[in-house]
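Student: For reference, the structure I am asking about is given below.
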Amino acid sequence: MMRVVLPAHLRALAGLEGEVVLDGPAPATLHELLLTLESRFPVLRGTLRHLPDGPRRPFIRFFACGEDLSDLPLDSPLPAAVVQGLEPFYVVAAIAGG
Amino acid sequence: MTQVRVLVGTRKGGFILEADGRRRDWRITGPLFAGWEIYHMKGSPAAPERIYASQSSGWFGQIVQRSDDGGKTWQAVGNQFLYEGEPGTHAGLDGKQYPWVFRRVWHLEPHPSDPETVYAGVEDAALFCSRDGGQNWEEVAGLRTHSSGAYWHPGAGGLCLHTILLDETNPARLWVAISAAGVFGTTDGGRSWQPLNRGLQSSYLPNPEAEIGHCVHRIARHPARPQVLYMQKHWDVMRSDDGGARWQEVSGNLPSDFGFALAVHAHEPETVYVVPIKSDSEHFPPDGRLRVYRSRTGGHEWEALTRGLPQEHCYVNVLRGALAVDALEPCGLYMGTTGGQVYASADAGETWQPIVRDLPAVLSVEVQTLP
């Protein structure tokens, strides 16, 4: 089980409330996590990263376990505490604009 | 009984305003997609309960929404807009070349007779088409790959394809308008495109009469006069009587020929409306008076329509997509402002009243006239 926290606009877009709980085999890498999210919630395709399989959107950041994971290579392993469901993976919309 | 459905896109969501044919009492629904920029909403003429909406965000990118029940429920459809082949580059405001990057959908134009076909005008300027109700999009690449493409440059609002006109009698014929490249037309369904900018003069260009580079803000036409096009350019209101091959200025006695919005009366092909704005550096009405101007002679001679519109201390803008007409008799007009007002006239512009006053800044207004 893995936990993901999405920004409010994306929760509304996907019809979600609260944390996303991903059951089943836990994604091992950042790329696998994005693929899992996009597969389970197709409406999120293109909202976190450019289509079709492009880089992270500039105003989207990834955090977990107190660390900024935004600029890690996509094939980087996720923190063990995230994979084990002990800590959530945060998708954060940058505070920018008005 | 006849109904009117007004589709309003704003900086922070979409709204639907509905009334019966008397157009007096309005029911307001929204915000739809609250917090997102809704650049454009438009209903299918072939299946009026089908409505498309362009939902955009600087954070989260582009979503396209579709309703099949008149806006009661929505589903996200396809949002993958990939330029065909190697996109190449276009001009920037600094004269350098920049790669084409998809940013957002400005305009959605459903086909007049096929409910599954819909066109999208996007930034950076290109035309896309879906033939499955918006699920999948393919670029109509003959436009962007026109030999002039490297010379297209953005206007202040970006390099956007903001207007699409379809010929109801000839599906192979389309016109599009791009800021700041100009008008382009095709007569072969989009395989080949011709610049249609002769007669335009733009003093900010090194060659004011250049074939490419004009900041066309809006074009419109009447179905009964398919060869007659009207244009609100950055400066100048223009008219073409030959499908865009040649333009002549018809600004006449307007207090300013700068503006964005333009619309043609539903039943009178020679009656056209514009909303003069003071200048490109002062995006508000001249003298702080919001006036719609009407010409019943296809241009040159204009009359101010002011009854019910603020005539002092008014400093809102009316953007290019924010003026529309219904198909009732008498013709109704609808105008959205950056101050969040949507004004309606049920008598062809003689008198106006606000349907709603305090929406977010209005980006676009479209109207459906329903049986």
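Student: Name the long-range amide H neighbours of B:ALA126: under 5 Å, sequence gap of 5 or more, or other chain; modelled H, no Pro or chain starts.
Tutor: Those qualifying (amide H under 5 Å, at least 5 residues apart or on another chain) are B:LEU161.
Student: Take the residue pairs B:LYS96/B:LYS278; B:LYS42/B:LYS233; B:LYS12/B:LYS72 and return only those whose Cα atoms are more than 28 Å apart.
Tutor: Distance filter (> 28 Å) returns B:LYS96/B:LYS278.
Student: Take the eigenvalues of the Cα gyration tensor for chain B, scale each by 5, and report the square roots as semi-axes in whole Å, largest first.
Tutor: Result for chain B: semi-axes of 28, 25, 20 Å.
Student: Using alpha-carbon pairs under 8 Å, 6+ residues apart, how would you state the relative contact order of chain B in percent?
Tutor: 12 percent
Student: So, one more: Using Cα springs under 10 Å in a Gaussian network model of chain A, which residue among A:PRO58, A:PRO25, A:PRO77 shows the largest mean-square fluctuation?
Tutor: Sorting by GNM fluctuation, first place goes to A:PRO25.
Student: Subtracting the Cα-Cα distance from 0.36 nm times the residue separation, let me have the gained length for B:GLU303 to B:GLN97 in nm, one decimal.
Tutor: Here the answer is 69.8 nm.
Student: A follow-up question, please. For B:GLU138 and B:TYR315 in the same chain, what is the full-extension length gain: residue separation times 0.36 nm, less their Cα-Cα distance, in nm?
Tutor: 59.7 nm
Student: Out of residues 5 or more away from B:VAL292 or on other chains, whose amide H comes under 5 Å of its own, with H placed 1.01 Å from N in the peptide plane?
Tutor: B:LEU305
Student: Over the whole of B:76-82, what's the average partner chain Cβ count within 10 Å per residue? Rounded to a whole number, please.
Tutor: Across the residues of B:76-82, the mean count of other-chain Cβ atoms within 10 Å is 4.
Student: Measuring from label point to label point, each 7 Å out along Cα→Cβ, what is the A:VAL5 to B:ALA156 span in nm?
Tutor: 4.1 nm
Student: Separate question: Pick from B:ARG173, B:ARG320, B:ARG103 the residue whose mean-square fluctuation is largest in a GNM of chain B, springs joining Cα atoms under 10 Å.
Tutor: B:ARG173
Student: A further question follows. For peptide A:47-57, compute the average count of partner chain beta-carbon atoms within 10 Å of each residue's beta-carbon.
Tutor: Mean inter-chain Cβ contacts per residue within 10 Å come to 3.
Student: Let me ask you something else. What residues have an amide H closer than 5 Å to that of A:GLU87, excluding those fewer than 5 places away on the same chain, when H is modeled at 1.01 Å from N in the peptide plane?
Tutor: Correct list: A:VAL82.
Student: Here's another thing I want to ask about it. Please get the size of the charge dipole for the protein assembly as shown, origin at its Cα centre, with Cβ charges of +1 on Lys and Arg and -1 on Asp and Glu, quoted in debye to the nearest 20.
Tutor: 560 debye
Student: Once the piece of chain linking A:GLU17 and A:ASP68 is laid out straight, how much longer is it, given 0.36 nm per residue of separation minus the C-alpha distance between them?
Tutor: Going from the current span to full extension adds 16.0 nm.
Student: Separate question: Across peptide B:58-66, what mean number of C-beta atoms from other chains lies inside 10 Å of a residue's C-beta?
Tutor: 6
Student: Which ³J(HN,Hα) values, rounded to whole Hz and listed in residue order, are derived for region B:134-151 from phi using the Karplus coefficients 6.51, -1.76 and 1.60 in 6.51 cos²θ - 1.76 cosθ + 1.60 with θ = phi - 60°, glycine and proline given as x?
Tutor: So the J values, rounded to whole Hz, are x, 5, 10, 10, 10, 6, 8, 6, x, 6, 5, 8, 3, 4, 8, x, 5, 9.
Student: B:ARG225 versus B:ARG131, label points 7 Å from Cα toward the beta carbon: distance in nm?
Tutor: According to this spin-label approximation, the distance is 3.5 nm.
Student: Based on DSSP H runs of at least 4 residues, each adding -39500 (n - 2.57), what is the mean residue ellipticity at 222 nm of chain B after dividing by all its residues, to the nearest 500 deg cm²/dmol?
Tutor: Result for chain B: 0 deg cm²/dmol, rounded to the nearest 500.
Student: For the protein assembly as shown, just run the numbers: alpha carbon Rg, then divide by 2.2 N^0.38 Å, N being how many residues it has.
Tutor: 1.01
Student: How big is the dipole moment of region B:154-278 about its Cα centre under a simple scheme where the beta carbon of each Lys and Arg is +1, that of each Asp and Glu is -1, and everything else is neutral? Debye, nearest 20, please.
Tutor: Here region B:154-278 has a charge dipole of around 200 debye.
Student: Assign unit charges at the C-beta atoms only (+1 for Lys and Arg, -1 for Asp and Glu), then state the dipole size of chain B relative to its Cα centre in Debye, rounded to the nearest 20.
Tutor: So the magnitude is around 520 debye.
Laboratory data are not the source of any read-out in this text; all were calculated from the coordinates shown. This is a predicted model, so every value here is computed, not measured. Here the Cβ is made from the backbone with ideal geometry for all residues, glycine too, and neighbour counts use every protein chain on show.
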